[in-house]
Amino acid sequence: MIDLHAHTTASDGSDTPTELVRNAAAAGLHTLAITDHDTTGGWDEAVAAVAQLDVAFTLIRGTEFSCIYDDGGVRISLHLLGYLFDPDAEALKAERARLRESRLGRGEAIVDALVAAGYPISWQQVVDIAGGGAVGRPHIGQALLQAGVVDTVTDAFTHLLSSSSPYYVPKLEMPVQLAIELIRQAGGVPVIAHPWARKRGQVLDEAALRSLAASGLLGIEVGHLDHASQDRARLAALAEELGLFSTGSSDYHGTRKAVRLGAETTSPQSLQRLLSLASGIPVISSEPAAQAV
Ligand code: AMP
Ligand code: FE
Ligand code: FE
Ligand code: ZN
């Protein structure tokens with residue numbers, strides 16, 4: 001089983017990187033990508049955790065970048081997965097720092113609006129929940145959960161935290177064409193995450209996806225819990241037509257989202273395509289004792 005999209009406490013997941021790696025191995029995955037929002041902060045701990053495993057396991061280091069598609073008309077927020085890029089590539093590193101930084105002021109603005117409306121949470125509480133990871137709405141959802149305002153973090157997203165909520169404040173996002181270019185320059189592989197997760201807001205149309213392919217996009221996340229079955233079929237056909245590879249992933253967030261590791265998976269063929277296109281950094285594989293002898 002191959003799962004190419006998962007979050008940790010380095011962003012809005014609830015597992016530490018060590019827990020993520022252990023849980024993935026225990027769930028029977030043999031390849032996992034760590035893809036926190038706008039950060040590589042969980043990578044080193046995840047690498048160390050792989051070295052401790054006694055089963056065959058491969059870790060792919062990645063990041064999920066907050067991006068904006070802007071064709072001069074509509075502006076559409078989207079997520080772009082970047083795999084196996086060089087974390088020291090300066091331009092991309094600076095963009096990650098900018099994106100993370102902006103999450104602080106933006107998160108505080110959302111909290112201020114909720115507090116002004118009488119919800120009993122605080123910014124300090126959210127900062128503590130985020131624990132130094134890239135701050136996101138799920139941390140605010142956790143604070144609302146602790147305050148007894150909602151029963152689950154997902155419930156918080158139906159109204160209070162949704163992008164159409166009166167309390168919503170947008171965050172900084174990088175132009176997706178720039179993100180594609182910088183990931184490729186850093187030897188990485190850009191894959192668009194859950195492009196047709198329609199409940200999150202407006203999504204890219206086929207023409208926009210075609211233009212991203214022309215800009216250097218290499219893969220499309222087709223299998224995702226937020227994708228309807230007819231959309232999966234259409235996205236798979238589009239990927240095929242454009243010469244892109246298709247992935248499927250859980251987008252695991254630990255207890256902050258009701259999805260388990262390996263709930264959606266990627267084919268070995270697509271993984272091979274991804275690996276053949278990457279030149280930034282290597283994958284990390286465990287060396288179980290049984291194999292070493
Ligand atoms: P942010 O990056 O702060 O804008 O928050 C977006 C994050 O919220 C996504 O990466 C998901 O982890 C999470 N999210 C979005 N929609 C939902 C939902 N319906 N239920 C739970 N988490 C969600
Ligand atoms: Fe997330
Ligand atoms: Fe995402
Ligand atoms: Zn994600």
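The values are calculated or read from the model by the stated rules, or taken from the named source; none is laboratory data. Remember, predicted model here, so these are calculated numbers, not experimental data. Cβ: placed from backbone, ideal geometry, glycine included. Neighbour counts: every protein chain shown. Surface areas here come from the heavy atoms of the whole protein model, side chains and all, with no ligands, DNA or RNA. Shrake-Rupley method; radii C 1.70, N 1.55, O 1.52, S 1.80 Å.
Numbers below:
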item: Largest-first principal axis extents of the Cα set of the chain (Å); result: 61, 46, 39
item: Summed side-chain charge close to residue 98 - residues other than residue 98 whose Cβ falls under 15 Å, Lys, Arg +1, Asp, Glu -1; result: +1
item: Residues residue 117 and residue 1, FRET efficiency given R0 of 30 Å [Cβ-Cβ distance, rounded to 0.05]; result: 0.10
item: GNM top mover of 35, 158, 63 - the chain, alpha-carbon springs below 10 Å; result: 158
item: Rounded FRET efficiency, nearest 0.05, which uses the C-beta distance separating residue 74 from residue 275 and R0 of 35 Å; result: 0.50
item: Per residue accessible area in Å² of the chain, where ligands, DNA and RNA are left out and the probe is 1.4 Å; result: 42 Å²
item: Residues with amide H under 5 Å from that of residue 263, placed H, sequence gap 5 or more; result: 250
item: Centroid-to-centroid separation of the stretch 96-160 and the stretch 5-77 [C-alpha atoms, Å]; result: 21 Å
item: Convex hull of the stretch 1-155 built on C-alpha atoms - directionally averaged projected area, nm²; result: 11.0 nm²
item: Given charges at Cβ of Lys, Arg, Asp, Glu: the chain dipole, positive-most of 24, 123, 185; result: 123
item: Portion, in percent, of the accessible area of the stretch 1-115 that falls on carbon or sulfur, probe 1.4 Å; result: 48 percent
item: Of all DSSP beta bridges in the chain, antiparallel share, percent nearest 5; result: 45 percent
item: Phi-based couplings in Hz for the stretch 122-137 (Karplus 6.51, -1.76, 1.60; Gly and Pro marked x); result: 9, 5, 4, 4, 5, 4, 5, 5, 5, x, x, x, 4, 6, x, 4
item: The stretch 167-271 shape via C-alpha gyration tensor axes, a/c threshold 1.5; result: rounded
item: Fraction of accessible area attributable to carbon and sulfur, the stretch 140-279 (%, probe 1.4 Å); result: 52 percent
item: Simple spin-label estimate for residue 260 and residue 172 in nanometres, 7 Å along Cα-Cβ; result: 4.0 nm
item: Compactness of the stretch 1-43 - radius of gyration and Dmax, Cα, Å; result: 9.5, 27
